[in-house]
1. With contacts defined as alpha carbon pairs under 8 Å and 6 or more residues apart, what's the relative contact order of the stretch 41-137 in percent?
2. In a Debye calculation with equal point scatterers on the alpha-carbon sites of the stretch 58-174 and no solvent, what is log10 I(q)/I(0) at q = 0.09, 0.21 Å⁻¹?
3. Largest first and to the nearest Å, give the Cα extent of the stretch 2-78 along each principal axis.
4. Between 85, 208, 38, which gets the highest mean-square fluctuation from a Gaussian network model of the chain, Cα cutoff 10 Å?
5. Mind checking the angle between helix 3-16 and the chain's longest principal axis? C-alpha axes, 0 to 90 degrees, to the nearest 10.
6. Tell me, 71, 183 in order of fewest to most beta-carbon neighbours within 10 Å?
7. If I fit a long axis through the Cα atoms of helix 221-245 and take the longest principal axis of the Cα atoms of the chain, what angle between them do I get, 0 to 90°, rounded to 10?
8. Taking the chain as the reference, fit the longest principal axis to its C-alpha atoms, fit the long axis of helix 134-158 to the helix C-alpha atoms, and give the angle between the two in degrees, 0 to 90, nearest 10.
């Protein structure tokens with residue numbers, strides 16, 4: 001294997017060795033969300049015609065799991081390596097910053113898609129999934145996981161200890177995810193908050209992803225694709241720049 005392939009394999013193996021924690025646990029969390037919210041709100045919330053609220057929840061929960069776990073994979077790997085001192089062994093290799101980026105973000109995409117697939121399979125026991133446009137599902141899943149993998153890389157490079165990484169996740173990633181329409185349609189919000197939601201790139205990821213299941217969405221999937229692609233490019237550019245300059249990893 002080439003250098004980046006070896007690093008990629010190492011990063012995939014890192015989370016797969018503890019898959020009960022990194023894959024099974026997030027799947028269980030998503031299923032609990034579905035059972036609780038679906039049971040409480042099924043008869044009280046109507047989002048799209050002919051689509052039950054429980055069915056509406058599934059794509060949002062799948063995408064939420066993809067995003068959160070893609071971020072957790074790259075951020076935790078970098079921070080853990082910095083704290084334990086094992087990052088020096090990667091720094092000693094002749095790998096370019098692009099090899100680092102591809103390996104860390106690529107493994108984050110793999111973990112995010114693995115968790116998302118697990119959530120989709122398990123939730124199919126509660127709701128029969130629909131696939132109106134499977135290509136949209138794949139595109140938004142990969143783009144979203146890639147963007148959060150790059151964002152996790154930035155957070156991991158910036159953080160010097162675990163609580164800083166946790167703060168980034170709790171005060172940036174988590175609020176943007178929960179306020180992106182996972183549990184509701186933004187059309188149910190007052191006008192001001194609808195406008196605020198349109199400033200959140202996570203909303204476009206989930207809305208475009210949901211379009212792939214039902215063929216309907218709050219905004220055009222092409223608009224969502226443009227916003228997500230632009231956001232992913234910007235975040236990736238920052239991550240590559242930090243890796244190229246050795247931000248907080250090279251003296």
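None of the figures in this text is laboratory data; all of them are computed from the coordinates on show. Treat the numbers as computed from the prediction; the structure is a model and nothing was measured. When we count neighbours, we look across all protein chains shown, and the Cβ atoms used for this are built from the backbone with ideal geometry, even at glycine.
1. 41 percent
2. With one equal scatterer per Cα and no solvent, log10 I(q)/I(0) is -0.28, -1.09.
3. Principal extents (Cα only, largest first): 53, 22, 16 Å.
4. 85
5. Value to nearest ten degrees: 50.
6. Ordered from fewest to most neighbouring Cβ atoms within 10 Å, 71, 183 come out as 183, 71.
7. For helix 221-245, the angle is close to 20 degrees.
8. For helix 134-158, the angle is close to 40 degrees.
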